[in-house]
Amino acid sequence: MASSYSLSPSFYLNFPTNNNSLAYPFAYSSCWSSCSFNFQPCLSSRIKTTSFRISPRCELASNKSIKNGSLEASVSALQLLKTSGIDRYTKENSSLVVVGINVHTAPVEIREKLSIPEAEWPKSIGSLCALNHIEEAAVLSTCNRMEIYVVALSQKRGVKEVTEWMSKFSGVTVQELCQHLFLLYNEDATRHLFEVSAGLDSLVLGEGQILSQVKQVVKTGQGVEGFDKKISGMFKHAITVGKRVRSETSISTGSVSVSSASVDLALLKLPNKSLTGARVLVVGAGKMGKLVIKHLVAKGIRKMVVINRTEDRVAAIRNELKDVEIVYKPLSEMLSCITEADVIFTCTASESPLLLKEHIQKLPPANPQVGGRRLFIDISVPRNVESCITELDGVCVYNVDDLKEVVETNKEYRLRKAMEAQTIVLEEVKKFEAWKDSLEAVPTIKKLRAYAERIRASELEKCMSKMGDDLPQNKKKAIYDLSMGIVNKLLQGPMQHLRCDGDDRRTQTDMLENVNALNRVFGLDKDISLLEQKIRAKLGKNQSQAS
């Protein structure tokens with residue numbers, strides 16, 4: 001079976017048990033014993049096409065095999081290089097892979113456990129690239145998704161290592177994690193990222209904040225070892241795609257973001273669908289908090305209290321919105337401020353809940369003017385408001401997963417624009433794949449030139465020794481230039497056929513066939529493969545660090 005799929009943009013990997021399974025070679029050497037997949041048709045939330053969820057059954061091995069650590073994994077990887085499967089293993093091309101969860105596959109309870117703060121993205125890249133079969137990596141973690149993009153030296157082993165890494169740092173078992181993961185390879189992984197950047201995979205089609213978050217991945221990854229050519233190139237191209245989709249289609253016209261949708265949700269839940277007379281409190285003045293404040297102002301709110309750790313950001317917002325009364329309060333006064341508030345928006349980067357059940361149950365009853373219920377709109381991931389607060393009378397708590405009720409607005413219009421955007425995405429995927437394919441020729445170009453240079457230098461040395469030491473310098477140079485000219489002329493044709501401009505798919509296919517042909521004809525792949533060199537280097541480095 002092929003290693004990548006083009007079933008649809010939403011191709012997710014789940015692990016419930018079911019019958020009518022389709023076997024798939026997803027062999028995990030130490031942790032997952034066997035998997036089989038079920039194709040379940042479902043309607044994509046982004047465009048009107050049928051997509052498929054893949055649901056493999058996964059059985060965990062004993063804990064003993066996991067406890068033995070990285071040394072056993074390194075030994076088994078080295079042994080794999082020497083087994084009967086060596087030819088298939090060492091000649092396997094590296095793969096672009098995305099392993100992740102998002103708002104379409106996992107509830108907020110799971111997403112918040114896997115969330116990685118932006119400040120920890122570089123550290124996570126280093127940790128991922130320390131895995132035996134991961135060469136490059138990037139992390140995209142937002143309130144609606146946590147996706148790991150990697151260049152895997154071995155596709156199956158790379159996915160296994162990333163999945164176990166996600167389980168280890170989040171505390172979610174592999175078995176539970178597999179129920180929510182989606183997995184995409186190569187061209188499908190590229191297409192997915194481009195759709196994400198274009199806002200086509202968002203809860204709100206066309207929302208613009210995700211493009212800023214993709215840009216932040218590139219900014220954070222600059223200079224980080226492991227955020228290298230293929231991954232950084234894909235994310236930079238994704239930014240171009242996101243900009244092009246928004247400039248050439250009107251998918252963002254009247255678009256709502258998570259922040260604006262949270263304000264609209266509050267309006268839906270209030271009596272008379274109005275914030276008039278409601279006392280509003282915003283906890284957090286970061287990017288999300290600032291957007292919430294702006295959308296509240298757009299809905300007619302002229303007075304609100306904003307809680308933040310420091311006053312600087314609140315003062316900056318106050319200067320920007322001069323006609324609005326924004327009262328700053330420190331975090332230490334949060335509970336007293338909530339006592340006097342009817343609608344509370346929470347949007348901080350706190351990794352643990354700020355509001356617990358014992359805090360809220362001590363509060364006085366809510367204002368009868370707003371229905372006698374205190375509304376908490378929590379758009380943070382991890383969540384700022386403890387979920388069990390909903391058990392209390394007179395309290396309603398909503399999180400990012402509840403915004404789906406709001407985003408149905410203008411959905412049909414956005415779906416039409418999404419179809420237009422898909423055309424752009426597919427064009428850009430083709431361009432990126434052409435560029436990525438051209439990288440596959442670089443090692444062959446280097447080996448072919450080195451091969452020709454060794455022959456040229458050897459034959460030139462023989463010629464010079466026969467000509468004697470008294471040969472004039474100008475004649476030596478003429479002979480040297482002749483040898484260089486012959487080699488360059490002979491290499492000109494092969495080099496042209498190793499380059500791909502991406503104008504059509506046939507050209508890319510021909511280029512890859514030429515790479516294989518030249519490797520075979522000139523014996524360029526007789527030496528230890530580039531993949532094997534990389535794996536041996538990583539294993540050696542990991543073993544030296546372990547000792």
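Once all protein chains are placed together, H497 keeps about 110 Å² accessible to a 1.4 angstrom probe. Subtracting the Cα-Cα distance of K431 and A517 from 0.36 nm times their residue separation leaves 28.5 nm of extension gain. Past the 19 Å Cα-Cα mark, which pairs from K243/K436; K303/K329; K230/K447? Those over the limit are K243/K436; K230/K447. The simple Förster model, with R0 at 45 Å and r as the Cβ-Cβ distance, assigns Q492 and H359 a FRET efficiency of 0.05. Computed extension length for E311-E412: 32.2 nm, one decimal, from 0.36 nm per residue of separation with the Cα-Cα distance subtracted. Simple spin-label model, 7 Å along Cα-to-Cβ: L331 to K219 in nm? Label at L331, label at K219, 2.2 nm between them. Between I479 and M419, the FRET efficiency estimated from the beta carbon spacing at R0 = 60 angstrom works out to 0.40. Here the Karplus relation 6.51 cos²θ - 1.76 cosθ + 1.60, evaluated at θ = phi - 60°, turns the backbone of region 306-317 into coupling constants of 10, 9, 8, 5, 10, 8, 4, 5, 5, 4, 5, 5 Hz, with x for every Gly and Pro. Which stretch or stretches of region 311-345 have amide N atoms under 18 Å from the point lying 7 Å from R302's Cα along the Cα→Cβ direction? Under cut-off, by backbone N: 318-327.
The phi torsions of region 209-217, fed into the Karplus equation with coefficients 6.51, -1.76 and 1.60 and a -60° offset, translate into couplings of 5, 5, 4, 4, 6, 5, 4, 5, 4 Hz, rounded to whole numbers, with Gly and Pro shown as x. Annotation: amide H-H contacts under 5 Å for G100 (H modelled 1.01 Å from N, sequence separation of 5 or more, or interchain): I148, F182. Relative to the Cα centre, the charge distribution of region 392-450, modelled as +1 at Lys and Arg Cβ and -1 at Asp and Glu Cβ, gives a dipole magnitude of about 740 debye. Here the dipole of region 219-323 is about 140 debye; that uses its Cα centre as origin and unit charges on the Cβ of Lys and Arg (positive) and Asp and Glu (negative). Using +1 at the Cβ of each Lys and Arg and -1 at the Cβ of each Asp and Glu in region 349-453, identify which of G372, L392, A434 lies farthest towards the dipole's positive end. My answer, from the dipole projection, is A434.
The values are calculated or read from the model by the stated rules, or taken from the named source; none is laboratory data. Since the structure is predicted, the reported quantities are computational estimates derived from the model, not experimental observations. Ideal geometry is used to build each Cβ from the backbone, glycine not excepted, and the neighbour counts take in all protein chains shown. Accessible surface areas use protein heavy atoms only, side chains included; no ligands, DNA or RNA. Shrake-Rupley method; radii C 1.70, N 1.55, O 1.52, S 1.80 Å.
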